[in-house]
There are 2 protein chains.
Amino acid sequence: MSQRVRIALDAMGGDHGPDVVVAGAELALARHPEIEFLFFGNSSMVTPLVARYPALKSVSQITHAEIAVRMSDKPSQALRYGRRKSSMWLAIEAVRKREADIAVSAGNTGALMAMSKFALKTLPGIERPAIAALWPTLRGESIVLDVGASIGADSEHLVDLAVMGAAMARILFALERPTVGLLNIGVEEAKGLEQVREAGRLLRERQSSDLDYIGFVEGDDIGKGKVDVVVTEGFAGNIALKTAEGTARQIGEYIRDAMNRTLAARLGYLFARSAFQQLRDRMDPRRVNGGVFLGLNGLVIKSHGATDAEGFAAAITLGYGVVRDHLLAKITAAVGGARMELRQAVGGAAQ
Amino acid sequence: MSQRVRIALDAMGGDHGPDVVVAGAELALARHPEIEFLFFGNSSMVTPLVARYPALKSVSQITHAEIAVRMSDKPSQALRYGRRKSSMWLAIEAVRKREADIAVSAGNTGALMAMSKFALKTLPGIERPAIAALWPTLRGESIVLDVGASIGADSEHLVDLAVMGAAMARILFALERPTVGLLNIGVEEAKGLEQVREAGRLLRERQSSDLDYIGFVEGDDIGKGKVDVVVTEGFAGNIALKTAEGTARQIGEYIRDAMNRTLAARLGYLFARSAFQQLRDRMDPRRVNGGVFLGLNGLVIKSHGATDAEGFAAAITLGYGVVRDHLLAKITAAVGGARMELRQAVGGAAQ
């Protein structure tokens, strides 16, 4: 990694394409002037957009890509028509070739994961990559993984998720020994899926110095910030994440509705408008935009497809942060160490 | 069913026991004077509490139960020490003997479900009962099931859930053909768990007059009220429900915090206090307290264990409503009809 952080952008990804990607890059650059960008996309669309921002233009390269992956295609379809030619593929490929430190895309999640796996391959010992999300809580932020890459998980995969999530928490939250919980439908040991209970046994036996396994957590413990890292397979994780987003939006509507109903409410709103602004900021889903793909030989971040420039800038900033903090090297080391410990623990338990 | 609605109460269930159960019964009675109560519990605790409310006392019978099921015990443990003797068992038993129309308990969910299955048995054709929850949405309310009874589900169980949920929606929401969606991690047909996709195929083929299957829904569609009935297996359903509850509580904290921060915010709060009251009411989890056990030869409602008298009254009121509307008879008929249609549809598809 050079002094500068080089970020590859899939300029065609997301519901709004290059407009949002370029404007988001400009915002992120203003915050972190040491970023350089490699844009991949339709150059006749991207070049004039980048040209609007002289500072951005001076640190950007634009590479033309013939093809943009469609949001609704299956991963297998996207791989068929988009491999080697799409903006998404080329952004990931730049990471593989070490031309970029990280790739960011707001495109089709399944396609992005499939292409990332295909191009970057998984880390030794990791079978399935995961998507880690930052989740705002009453105590700050937690990491929740997997939020949609792996459907169903055996106990070893859940342990891998715990190890990778803890490595990410050590870096992002500057913690020595982050607390880790397994998402379940009760906190008692006898409850829930067999593979979750087995993962709990494995994590308890590890007695690791790099993570503090505290047991099962339930859905309502996530928002409380009960643990730094919440581990679950991707089906339940994705449903939890989207349900929380939906609930926040729903309550946002309730608030708007309540504050418009009477003159007194509107007056009260005026008095309290800086408080409401603060509330909106805390509830703003753009603030924590960006799912980090973990378990690959390279870093890729998925931005929310529907986000705007501010949200895309948050995804880039997250990418900048994990590159600066050597996330990939630290995850790779943690996974290697954990595999060894786990083998010893399982061997020890069997005696 | 008599003119009056007879409700059996597990007086010892929940985090607060008889205090909340008796006070909740009094509140529910004030709203629906045609309720009669059968209390089961430690009579030396329950009798003096009931005696405080003459109106309640005049419509209540108290039956002594030696044993109270503990909140943290496994279902198998609870069955072992609580069968035939616990307040929970006796309340369910009253439903089995047709002495009560419905049982309500705020006790240990797993134990309540295990005892309900044991005492009441499942409906013909239904292998696994489910817990249905009412979920407040931007459009009103939806039914979400299963929220924790069955972990994992094959496609036939998911179809059963759709049929039972739709029967409940027809009654509670007075709809002819409620819309039904399968909870998944994407709306495209190729996404998600195999059994969810298969259930989607079965529901599409049925072309039923009693439910309108609209396809997959995601976590954030629940709060939007995109469908009247959201179908999922119990692990993901429980996590979705608790995550939504946790998010609502978290945002409630954010609001309190924001409105206390400055003098202007506090003044604004005073002006808008009726709006805030309305907001609190809409976010109040007690408003929709009560999971309905579906798929059994009898009706049982699980109240939130941590609820107060207002919340327990909501669970009783829900029970009162489903008894008045003949939920059990209608679910039984719907399940019978659906089984027949499904056999025909599967037979037809195989030709």
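The values are calculated or read from the model by the stated rules, or taken from the named source; none is laboratory data. Nothing here was measured: the structure is a model prediction, and the numbers come from that model. Quick reminder, even Gly has a Cβ in these numbers, built from the backbone with ideal geometry, and neighbours come from all protein chains shown. We work out accessible area using only protein heavy atoms, side chains counted, and drop any ligands, DNA or RNA first. Shrake-Rupley method; radii C 1.70, N 1.55, O 1.52, S 1.80 Å.
Burial of accessible area (probe 1.4 Å, heavy atoms of protein chains only) in the range B:187-201, relative to its chain alone, reaches at least 10 Å² for B:Glu188, B:Ala190, B:Lys191, B:Gly192, B:Leu193. Here is the list for the range A:112-214: trypsin sites (Lys or Arg not before Pro) lying in DSSP coil, each with at most 13 other C-beta atoms within 10 angstrom of its C-beta, are A:Arg139.
Return the distance in nm (one decimal) between the two label points of a simple spin-label model at B:Glu189 and B:Gln207, each offset 7 Å from Cα along Cα→Cβ. Distance between the two pseudo-spin positions: 1.6 nm. Label positions at B:Arg80 and B:Asp19, each projected 7 Å from the Cα along the C-beta direction, are separated by 3.2 nm. Here is the interface size for B with A: some 4900 Å² of accessible area buried, both sides summed, with a 1.4 Å probe. By DSSP, the beta bridges lying fully in chain A are antiparallel in about 35 percent of cases.
Please figure out what share of the DSSP beta bridges in the protein assembly as shown is antiparallel and state it in percent, rounded to the nearest 5. Of those bridges, close to 35 percent are antiparallel.
Volume per residue for chain B equals 145 cubic angstrom (convex hull of Cα atoms). For the range A:64-143, the ratio of Cα radius of gyration to the globular rule of thumb 2.2 N^0.38 Å stands at 1.23.
Other protein chain C-beta atoms within 10 Å of residue C-beta, averaged over A:269-281: 6.
The mean accessible area for residues of chain B, using a 1.4 Å probe and ignoring ligands and nucleic acids, is 40 Å² per residue. Per-atom-type breakdown for the protein assembly as shown gives carbon and sulfur 52% of the accessible area (1.4 Å probe, protein chains only). Taking the range A:1-87, which GluC sites (Glu not before Pro) meet the DSSP loop condition and have no more than 16 other C-beta atoms within 10 Å? Loop-located and lightly packed - A:Glu34, A:Glu66. Our summary gives chain B a relative contact order of 23 percent, counting only alpha carbon pairs under 8 angstrom and 6 or more residues apart.
A viscosity of 1.306 mPa s and a temperature of 10 °C, combined with the Kirkwood radius over C-alpha pairs in the Stokes-Einstein formula, give the range B:145-220 a diffusion coefficient of 126 µm²/s. Each Lys or Arg adds one and each Asp or Glu takes one away; over the other residues whose Cβ falls under 14 Å from the Cβ of B:Lys121, this sums to +2.
Comparing Cα centroids, the range A:8-75 and the range A:220-259 end up 30 angstrom apart. With label points defined 7 Å past Cα in the direction of Cβ, position B:Leu270 shows copy-to-copy spacings of 1.7 nm, given to one decimal and shortest first.
Distances from B:Ser58 to itself in the other copies, using label points 7 Å out along the Cα-Cβ axis, amount to 8.8 nm in increasing order. Placing one equal scatterer on every Cα of the range B:230-351 and applying the Debye formula, the log10 ratio I(q)/I(0) at q = 0.17, 0.20, 0.22 Å⁻¹ is -1.02, -1.19, -1.28. Close amide H pairs (under 5 Å, H built 1.01 Å from N) link B:Ala8 with B:Leu38, B:Asp101, B:Ile102, B:Ala103, B:Val104, residues at least 5 positions away or on another chain. For A:Arg324, the point set 7 Å out from Cα toward Cβ sits 6.2 nm from its twins in the other copies, listed from shortest up. Per 20 Å bin, what is the whole-percent P(r) computed from every C-alpha pair distance within the protein assembly as shown? Using 20 Å bins, I get a P(r) of 17, 46, 31, 6, 0 for the protein assembly as shown. Only helices enter this figure: runs of n ≥ 4 DSSP H residues, each worth -39500 (n - 2.57), summed and divided by the residues of chain B, yield -16500 deg cm²/dmol at 222 nm to the nearest 500.
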